[in-house]
Amino acid sequence: MDRCIVLVDAGYLLGAAASLLAGEPSRSRITVDHAALVQGLRDRAESDTERPLLRIYWFDGAPDRVPQPEHRRLRVMPRVTVRLGALTRSDGRWAQKGVDAAMHAELTELARNRACSDVVLVTGDGDLLPGMMAAKEHGVAVHLWAVQAADGDYNQSEDLVAEADERRVLDRAWITKAVRAKELGGICAPSPVPRPEIAAILSAPLPESAPSSAPERTAEEREHATAAPSENGTQERVPASKGVPTPKDLAALRAPGTQAAQHPASATLRWSSDKGWVDRPGGAAEPPEVASMPTLAQLTTAEQRWADREEDITTVGGDPFEVGQVFARRWMERLGDQAHLQRLSGMYPRVPHRIDGELLRYAARFGLLAHKDDQIDEHDRYAIRAGFWREIDVRTAAEHAPAGE
């Protein structure tokens, strides 16, 4: 077949780009416009091989092979197929497992089936040498692309370089069309800076007069405390973050007769769900008006569930704030009794435990899990709930806006 295929080792491509632009191979040091990068790979491949592109295969690692937000964006792009290996942590460093084997298998299978006349490999790993040799034996021309090395030397296996039919270097000018070092200020993807809602919460000081909502705990206890939902949908107790008041703190400050009760609550202190050791009436029981509030699952039909899954796969990128917004939008759109919405708004900043647990379980589908203990990262929980409340605020503000505005 007179067409070309591109096989990309994302660990090599983005790691080498980070070394070139930021001075170290950590992908957290760069921002990537994946749409521009994919288009650049396609244009360059079709130009170099003089063949139309059949497909780009994107090989990367992910914890437990769960697609991360960037993988979700990539896999719905035209002509892009994502293949995930495992991402494991050893001696404080992340390492990919199974990516090289997957690339080798794909390369030899494509060549054996004569799916293309030219293959472009964006990798530096010498483990692909047998696959490259097998592809050549099946009559496929192999083009090897390298990312310009920061020190001007090779960042690829010399055996791989020697075996390739054609070799090209993706230089700094080409790389920077889609990749930027974060400290350079050139951002071509959404800024990683925390949203104002989250930054305000994290920076809010705990008033000196606020009573502590949790006893002093050891470092080991704090390390093992989490806020992931339990199987019954309720939120487990967690210690309050240092410097961040809990809803219980605020309630004590606003109690009748206190000086603070004479002043409105500061917006920077309003947060989404209980944090800290919270005493609830009757144990874990909730008031009847809260317990009767329906969950999204109860409001969703089988047809809607299928459509939701389709939207999650093809549209929702997986940003924590966006995930919270999507969940809240669906819940509000399907809510028959709008009194529940008004009741929820009045509970701000607390999310009912059943709904909060369902929200966090929904977020877990998008790979928003810290590797340790499979719990959602604390900052991601902030962003998920901030997105949830922002969507609620937008809806309630629109409903109360004067007619004609």
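Shown is the FRET efficiency for Tyr154 and Val76, computed with R0 = 25 Å from the Cβ-Cβ distance and rounded to the nearest 0.05: 0.10. Taking amide H as placed 1.01 Å from N in the peptide plane, the amide H of Leu53 sits under 5 Å from that of Cys4, each at least 5 places away or on another chain. Here region 4-184 is assigned +1 on the Cβ of each Lys and Arg and -1 on the Cβ of each Asp and Glu. Its dipole about the Cα centre then comes out at about 880 debye. Here the peptides 16-23, 69-76, 382-389 are ranked by packing, the mean other Cβ count within 10 Å, and the order with the highest first is 382-389, 16-23, 69-76. Each other residue within a Cβ distance under 14 Å of Asp43 adds +1 if Lys or Arg and -1 if Asp or Glu, for a net charge of +3.
Listed peptides 159-168, 323-332, 121-130, 38-47 appear in the order 323-332, 121-130, 38-47, 159-168 once ranked by packing, highest mean of other Cβ atoms within 10 Å at the front. Sorted ascending by nearby beta carbons within 10 Å, beginning with the fewest, Ser90, Ser292, Ser157 become Ser90, Ser292, Ser157.
So, counting K/R as plus one and D/E as minus one, what does the shell of residues with Cβ under 14 Å around Pro52 add up to? Net of charged neighbours comes to 0. Among residues other than Pro67 whose Cβ falls under 12 Å from its Cβ, what is the net charge (Lys/Arg +1, Asp/Glu -1)? With Lys, Arg at +1 and Asp, Glu at -1, the neighbours total +2. Gain on full extension, evaluated as 0.36 nm per residue between Asp33 and Ser90 minus their Cα-Cα distance, stands at 17.6 nm. If R0 is 45 Å, the Cβ-Cβ spacing of Ser292 and Thr315 corresponds to a FRET efficiency of close to 0.90.
Every number here is computed from the coordinates shown, using simple stated rules; none is lab data. None of these values were measured; they are calculated from a predicted model. Don't worry about glycine lacking a Cβ; one is built from the backbone with ideal geometry, like all the others, and counts go over all protein chains shown.
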